[in-house]
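**Student:** This is the structure, below, for whatever I ask next.
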Amino acid sequence: MTREELLQRISIDPNICFGKACIRGTRIWVALIIEHLASGMSEAEILAEYPQLDPQDIQAALAYAAELTRERILPTAVGT
């Protein structure tokens, strides 16, 4: 899938989950998927926990997160 196709899997609706980015057709936040990946959860574990997702949804969450990092810089601890 192209980046554009992946990003079409993301939905932002002010009436669903307070406007947080979700996987289209679900109430599963993109941030939740990214947090699970960051904590070391595997794609297979995420898919088992949320059977309504498919692998492309996880790729879409990563693509969305990548787009966000192009726009914001968050301070991190340097040299630790």
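**Student:** Within the stretch 35-46, restricting attention to residues that are within 13 Å of the chain's Cα centre (by Cα) and of a type outside the set (D, E, K, R), which residue is farthest from Ala66 (Cα to Cα)? Walk me through how you get there before you give the answer.
**Tutor:** Going through the stretch 35-46, the residues within 13 Å of the chain's Cα centre (by Cα) turn out to be 35-38, 43, 46.
Now restrict to residues that are of a type outside the set (D, E, K, R): 36-38, 46.
Working: His36: 16, Leu37: 14, Ala38: 14, Ile46: 19 Å.
Ranking the candidates gives Ile46 first.
**Student:** I'm checking my understanding of the structure. Among residues of the stretch 12-27 that are under 18 Å from Glu67 (Cβ atoms) and β-branched (Val, Ile, Thr), which one is modelled with the highest pLDDT?
**Tutor:** Per the stated criteria, the residue is Ile23.
**Student:** Still on this structure, I have one more. So in the stretch 1-11, with the set limited to residues that are part of a helix (DSSP H, G or I) and touching a residue at least 24 places away in the same chain (Cβ under 8 Å), which one is surrounded by the fewest Cβ atoms within 10 Å (Cβ to Cβ)?
**Tutor:** Arg3
The values are calculated or read from the model by the stated rules, or taken from the named source; none is laboratory data. Source: prediction; values computed, not measured. Counting neighbours? That spans all protein chains shown, and the Cβs are built from the backbone with ideal geometry, glycine included.
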